[in-house]
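Chemist: Structure below; questions to follow.
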Amino acid sequence: MLKILFVTTTTRPTGAEKTLFNLIHNLDREKFKPIGIVCRFSGQLEPAYPPDISIYSFDKYLNQFTTLISLAKSKLLGKNYYENFLDEIHKRLKPDIWYINSIIQPEAIRYAQEHQIPCIVHCHEVEQMLERIESKDVERLITYPLGIIACSENSARMLSILGRENNLEVCFPCLNIEKITLDNSKSKKIRELLQIDNSTFVWAMSGSTDYNKNPVRFVEIAHHLNTLYPDTRFIWLGNNSLSGLDTYAKQYAKFLKISDKIIWTGVLTGDKYYNYLQIADAFVLTSSKESFSLVTIEALYMGKPVVSYDCGGTREIISKGMGHIVESGHISDIVEKMIQVMSNPKNYKFSCIDILSKYNLQQQSKKWNKILLDYFYKQKNV
């Protein structure tokens, strides 16, 4: 049995983290022993991980008095604080292999290479995220890992262009339908609490309020559509209220006199997230770039038509009758497609079976476990 250490960016409920969360819960425990999860930032998913997997959070580590000596030592040696943290965890746990969740972890990939730790990198990103790492980090990403798992064909294409020719796999994010429990009575109460009439059409968006997800564009869409159809409301699930861009988006909504039509829920997890999503009649994805889009899968599974900009990953998901992909970046063009959905809801009837046939947790986790076996056990000659 191989001991595996998972190295990720956070335990907040982002698409990449929910994907890892689902996969870890379906790890082949006869072949792999998960001995820990290392992350930079702790989050809401932590309590829901299996209790036998320890979680080591860098932000909590920095707040411990006992780490001061360690940090001082790393500074004297010219070490990066985070790499020192990785070094301590690796030496304490002595894993056989690393699973690095995200390409935006150059310190982790560099440490793995310097210490010759067999690793797989799970890529959830597309090209706009490459600005966060240096060219030498890209070269290391492409050449060192035993294998790279891309979350979509779109993401795999980027890695191929960068020069990764072999040992490149695609494993789609997927739904764990056992975790999607809907309570229509709760959704009805939420709608009443938010003072939304039954006749009002509700558009939802989900994600952190960052530049790529584009909350400012969301506000502009709401303003444009509400001018034409006043009986519409908009809800953003999962916004980060501590973000400066989040503050700007809310102030911009006030400036456009549309703030009373937009609801910002903050971070939601578990049943609460799905019960809030259930109050929406349709979903609008305002992202500029997406390697995939797990929130699109969730919305479609719940029967919500999706209107999206041509951000990349949604082309692998949205098919005829499920919604629209808008090629231009103009607000008027996406609003036109949203009006089509509102005016002709009968044209957007599709079965959740269409979604589950491809993005099925059982199917994708089986493929994922096979990838781990093929790469790590081949390396160890077990």
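No lab work stands behind these numbers, since they all come straight from the coordinates. This structure is a prediction, so every number in the text was calculated from the model and none was measured. Cβ placement follows ideal geometry from the backbone for every residue including glycine, while neighbour counts extend to all protein chains displayed.
Chemist: Rounded if a/c is under 1.5, else prolate if a/b beats b/c, else oblate: with a ≥ b ≥ c from the C-alpha gyration tensor eigenvalues square-rooted, which is segment 182-356? List each step's numbers first, then the result.
Modeler: Numbers: a/c = 1.26, a/b = 1.11, b/c = 1.13.
Judged from the Cα gyration tensor, segment 182-356 comes out rounded (a/c under 1.5).
Chemist: List, in the order given, every pair from 272/349; 213/250; 18/94; 18/272; 188/250 whose Cα-Cα distance in the structure shown is over 19 Å. Display every interim value, and only then the final one.
Modeler: Working: 272/349 25 Å; 213/250 15 Å; 18/94 26 Å; 18/272 15 Å; 188/250 26 Å.
Exceeds cut-off: 272/349; 18/94; 188/250.
Chemist: Would you grab the residues whose amide H sits under 5 Å from the one on residue 150? Only those 5+ places off in sequence or on another chain, please, with H modelled 1.01 Å from N.
Modeler: Those qualifying (amide H under 5 Å, at least 5 residues apart or on another chain) are 123, 169, 170, 171.
Chemist: Per residue Cα convex hull volume for segment 113-168, in cubic angstrom?
Modeler: Values: hull volume 4.3 nm³, N = 56.
Hull volume normalised by residue count: 76 Å³.
Chemist: Using only Cα atoms, what is the ratio of the radius of gyration of segment 125-249 to 2.2 N^0.38 Å? Display every interim value, and only then the final one.
Modeler: Working: Rg = 20.3 Å, N = 125, 2.2 N^0.38 = 13.8 Å.
Taking N as the residue count of segment 125-249, the ratio is 1.48.
Chemist: On to the next question. For the pair residue 339 and residue 44, how long in nm is the line joining their label points, each one 7 Å along Cα→Cβ?
Modeler: My value for the distance between the label points is 3.5 nm.
Chemist: Quick check: net charge around residue 187, other residues with Cβ under 13 Å of its Cβ, Lys/Arg +1 and Asp/Glu -1?
Modeler: Numbers: positive: 186, 188, 189, 191, 272, 304; negative: 183, 192, 271, 281.
Net charge in that neighbourhood comes out at +2.
Chemist: Also, I was wondering about something else. Using the 10 angstrom Cβ neighbour count as an exposure proxy, how do 11, 232, 181 rank, fewest first? Don't skip to the answer; put the middle values down first.
Modeler: Numbers: 11 23, 232 18, 181 10.
Result, fewest neighbours first: 181, 232, 11.
Chemist: To continue, here is another question. At a threshold of 8 angstrom on Cα-Cα distance, excluding pairs fewer than six apart, so keeping six or more, what relative contact order does segment 182-356 reach in percent?
Modeler: Once normalised by length, the contact order is 22 percent.
Chemist: Quick check on the chain: helices-only [θ] at 222 nm, where DSSP H runs of length 4 and up contribute -39,500 (n - 2.57) each and the sum goes over total residues. Nearest 500, please.
Modeler: It comes out at -11500 deg cm²/dmol, rounded to the nearest 500.
Chemist: ³J(HN,Hα) across segment 284-298 via Karplus (A = 6.51, B = -1.76, C = 1.60, θ = phi - 60°), whole Hz, x for Gly/Pro?
Modeler: Per residue, the Karplus-derived 3J(HN,Hα) values read 10, 9, 9, 4, 7, 9, 9, 5, 8, 5, 5, 5, 5, 4, 4 Hz.
Chemist: Next question. Which residues' amide hydrogens lie under 5 Å from the amide hydrogen of residue 292, considering only partners 5 or more residues apart or on another chain, with H built in the peptide plane?
Modeler: When sequence neighbours closer than 5 places are left aside, the close amide H contacts are 313.
Chemist: Mind sorting 295, 170 by how few other Cβ atoms lie within 10 Å of their own Cβ, fewest first?
Modeler: Numbers: 295 24, 170 17.
Starting with the residue having the fewest Cβ neighbours, the order is 170, 295.
Chemist: If you don't mind, another one. Run the numbers for residue 153 and residue 199: contour at 0.36 nm per residue of separation, minus the present Cα-Cα distance, in nm. Intermediate values should be presented prior to the final figure.
Modeler: Details: separation 46, 0.36 × 46 = 16.56 nm, distance 3.96 nm.
Stretched out fully, the residue 153 to residue 199 stretch lengthens by 12.6 nm.
Chemist: Whole-Hz Karplus ³J(HN,Hα) for segment 212-226, in order, using 6.51 cos²θ - 1.76 cosθ + 1.60 and θ = phi - 60°, x for Gly and Pro?
Modeler: 5, 5, 6, x, 5, 4, 4, 5, 5, 5, 4, 5, 5, 5, 5
Chemist: Straight distance only, please: which lysines reach the Cα of residue 91 with their own Cα at less than 25 Å, same-chain residues fewer than 8 apart left out?
Modeler: Partners found: 3, 31, 33, 60, 73, 75, 79, 378, 380.
Chemist: Just how large is the dipole of the chain about the Cα centre, in debye to the nearest 20, putting +1 at every Lys and Arg Cβ and -1 at every Asp and Glu Cβ? Numbers along the way, then the final one.
Modeler: Working: 46 positive and 41 negative charges, 136 e Å.
Value, rounded to 20: 660 debye.
Chemist: What does the charge add up to near residue 140, with Lys and Arg as +1, Asp and Glu as -1, over the other residues with Cβ less than 14 Å from its Cβ?
Modeler: Local net charge: -3.
Chemist: Here's another thing I want to ask about it. Taking 0.36 nm per intervening residue step and subtracting the Cα-Cα distance, what contour gain separates residue 128 from residue 88 on full extension? Provide the component values of the computation, followed by the final result.
Modeler: Details: separation 40, 0.36 × 40 = 14.40 nm, distance 3.19 nm.
Taking 0.36 nm per residue and subtracting the Cα distance, the gain is 11.2 nm.
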